[in-house]
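Okay, so here's the structure we're looking at.
The values are calculated or read from the model by the stated rules, or taken from the named source; none is laboratory data. Quick caveat, the model's predicted, so the values are computed rather than measured. Because the Cβ atoms are built from the backbone with ideal geometry, glycine has one as well, and the counts that use them run over all protein chains shown.
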Amino acid sequence: MNLIELNKIKKTYRGRNIESVVFQSLNLTIKKGDFIAFYGRSGSGKSTLLNMIGLVDRPTSGNINLEGNKINALSDDEYAFIRNKYVGFIFQDFKLIEDMTIYENVEVPMLFAKEKLSNIERKTRISKLLKELGLEGKDKAFPDELSGGQKQRVAIARALVNQPKLLLADEPTGNLDKTSADDVMKMITQIHKENETTVVIATHDPQIKDYVNRVIYVDEGSLREEE
Ligand SMILES: Nc1ncnc2c1ncn2[C@@H]1O[C@H](COP(=O)(O)OP(=O)(O)OP(=O)(O)O)[C@@H](O)[C@H]1O
Ligand SMILES: [Mg+2]
């Protein structure tokens with residue numbers, strides 16, 4: 001079954017002086033359980049594509065279907081609501097909130113979810129995630145007390161806490177040494193396998209090819225998939 005279909009997507013950015021056309025007419029189908037890496041030169045549109053798939057940004061025109069439902073006509077609030085439920089996002093620079101503890105950072109998306117869990121339910125879910133990601137005992141620490149690899153694992157926990165169907169990562173290993181990058185990719189792979197989470201990663205890291213099952217190149221506004 002298709003999780004997301006992009007049909008004839010056009011995306012332009014209107015800057016202060018110039019308008020850039022990133023995609024003119026883009027088609028892409030992502031199936032449930034896909035594990036995809038986007039490659040392409042800097043400025044080719046990988047992050048733009050990820051943000052549209054993750055409902056962070058909207059196309060200029062064209063259709064996006066989510067589990068067969070058109071979502072174009074939804075309001076910004078409805079869009080944000082679906083994003084919170086469906087999508088977990090991981091970034092190169094972690095984007096943790098520095099004056100919150102690790103526990104509080106992971107809890108944030110739960111507080112915005114429509115389905116409200118009790119304190120105990122939140123605590124149980126967060127403790128389990130932190131343990132699975134090798135962060136046991138770090139719940140009361142602050143982000144600046146962790147290594148880069150640990151911070152990225154906190155970001156993974158935060159991305160997973162609402163149990164999303166779709167996990168997106170924009171250069172998740174870009175700020176990590178090779179060992180931490182391998183650890184992060186092993187954890188993402190495990191999440192993909194265990195929960196059949198659909199995973200899409202934008203990256204320059206050639207190692208990530210070894211983990212995914214679809215490799216797609218973004219180039220001059222079009223996509224080319226490796227056989
Ligand atoms: N907010 C914005 N306003 C104007 N132009 C933008 C904006 N965001 C991206 N662009 C333009 O869109 C194009 C695609 O950018 P994007 O960030 O998607 O590339 P990328 O493939 O992720 O690059 P990188 O590998 O450097 O992260 C670039 O030409 C960029 O200048
Ligand atoms: Mg980018």
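Assessment of segment 39-56 against the conditions (crowded, with 19+ Cβ neighbours inside 10 Å and of a type in the set (Phe, Trp, Tyr)) yields at least one matching residue. Just for segment 142-193: of the residues that are buried (at least 18 other Cβ atoms within 10 Å of the Cβ) and among the charged types (D, E, K, R), which one is nearest to the chain's Cα centre (by Cα)? By that ranking, first place goes to Asp170. The condition of being without any contact (Cβ under 8 Å) to a residue 60 or more places away in the chain and part of a strand (DSSP E or B) holds for only one of Arg122, Arg224, Arg153, that being Arg224. Of Ile201, Ile216, all but one fail to be outside any helix (DSSP H, G or I), under 14 Å from the mean Cα position of the chain (by Cα) and modelled with pLDDT of 95 or more; the exception is Ile201. Consider Asn175 carefully, then state whether it is closer than 18 Å to Lys32 by Cα and either part of a loop (DSSP other than H, G, I, E, B) or touching a Leu at 6+ places or on another chain (Cβ under 6 Å) (or both). The answer is no for Asn175. Which members of segment 26-60 meet the condition of being away from ligand 1 (no atom under 16 Å from the Cβ) and not charged (D, E, K, R)? Correct list: Asn27, Thr29, Ile30, Gly33, Phe35. Applying the condition of being among the charged types (D, E, K, R) and farther than 20 Å from Tyr39 by Cα to segment 186-198 and asking which residue is modelled with the highest pLDDT yields Lys193.
One line per residue, one yes/no per condition, for (1) modelled with pLDDT under 95; (2) farther than 30 Å from Gly43 by Cβ; (3) aromatic (Phe, Trp, Tyr):
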{"position": "Phe81", "(1), (2), (3)": "yes, yes, yes"}
{"position": "Tyr86", "(1), (2), (3)": "yes, no, yes"}
{"position": "Asp144", "(1), (2), (3)": "no, yes, no"}
{"position": "Gln150", "(1), (2), (3)": "no, yes, no"}
{"position": "Ile156", "(1), (2), (3)": "no, no, no"}
{"position": "Ala159", "(1), (2), (3)": "no, no, no"}
{"position": "Leu168", "(1), (2), (3)": "no, no, no"}
{"position": "Leu176", "(1), (2), (3)": "yes, no, no"}
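Of the residues making up segment 45-100, those that are within 16 Å of ligand 2 (Cβ to nearest atom), acidic (Asp, Glu) and touching an Asp or Glu at 6+ places or on another chain (Cβ under 8 Å) number 0. Return the only residue of Phe81, Phe23, Phe94 being closer than 28 Å to Tyr211 by Cα and either assigned to a loop (DSSP other than H, G, I, E, B) or within 17 Å of the chain's Cα centre (by Cα) (or both). Just a single option satisfies the conditions, and that option is Phe94.
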